[in-house]
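The values are calculated or read from the model by the stated rules, or taken from the named source; none is laboratory data. Owing to the predicted nature of the structure, the values given are computational and were not obtained by experimental measurement. So basically every Cβ, Gly included, is an ideal-geometry build from the backbone, and we count neighbours across all protein chains shown.
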Amino acid sequence: MVFMRLKYECVSFYAVKYILYSMVIYIGADHRGFALKEELKKFLRSLGYEVVDLGNAAYDSGDDYPDFAYSVAKRVTGDLENSRGILICGSGVGVDIAANKFPGARSALVASPDQAYDSRNDDDVNILSLAANYLNAEAAKRIVATWLSTPFGREERFRRRLQKIEAIEIELTGAPRNSSEIKPQ
């Protein structure tokens, strides 16, 4: 059996728009990710997405990435069915760590379109973390387009793994998430 990967070059912007048109994209960045965030907001809006900017509203060299990760992760985990999040800081690591503190958040630090595909297809990631220090705007747009156009693969092994992660979250926090998309059918 041959499996093909969805590549950015093969994705029509219209297809991206159609797949998640009603999806709200929450976006946030600290000072190191601010310029890239502004570029990605324009890109997402040009595709027809509703984009909610959770900060920072202006460049501020004294801001802290956990504040923006908190805002984005809180909004995404409050509506797992209809929202996704994009977080940006210098390395991407800090926002990724902070976002993953929320039960139900599945944030991934992604550096390529192939990794973006795998994060959605295999792990149903709902928050994309990006490293402004290592990505230019065009590379980030390719990653975002792939990530938004890739649905969760729903294979039994993927659902089983996500159920195990959810069981860990429940054991450690007592807070279950809405897991309807990973239950066996």
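So here's what we get for this one:
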quantity	calculated
Positions within the range 70-80 being of a type outside the set (Ser, Thr, Tyr), over 14 Å from Arg106 (Cβ atoms) and touching a residue at least 24 places away in the same chain (Cβ under 8 Å), in sequence order	Lys74, Arg75, Asp79
Residues (of a type in the set (D, E, K, R), assigned to a helix (DSSP H, G or I) and surrounded by 15 or more Cβ atoms within 10 Å (Cβ to Cβ)) located in the range 40-66	Lys41
The listed residue being surrounded by fewer than 17 Cβ atoms within 10 Å (Cβ to Cβ) and among the basic types (Lys, Arg), out of Arg160, Arg106, Arg120, Arg142	Arg160
Any hit, the range 35-53, residues being among the aliphatic types (A, V, I, L, M), at negative phi and touching a Gly at 6+ places or on another chain (Cβ under 8 Å)	no
Residue among Val76, Val72, Val95 that alone is at pLDDT 95 or above, within 13 Å of the chain's Cα centre (by Cα) and farther than 21 Å from Thr150 by Cα	Val95
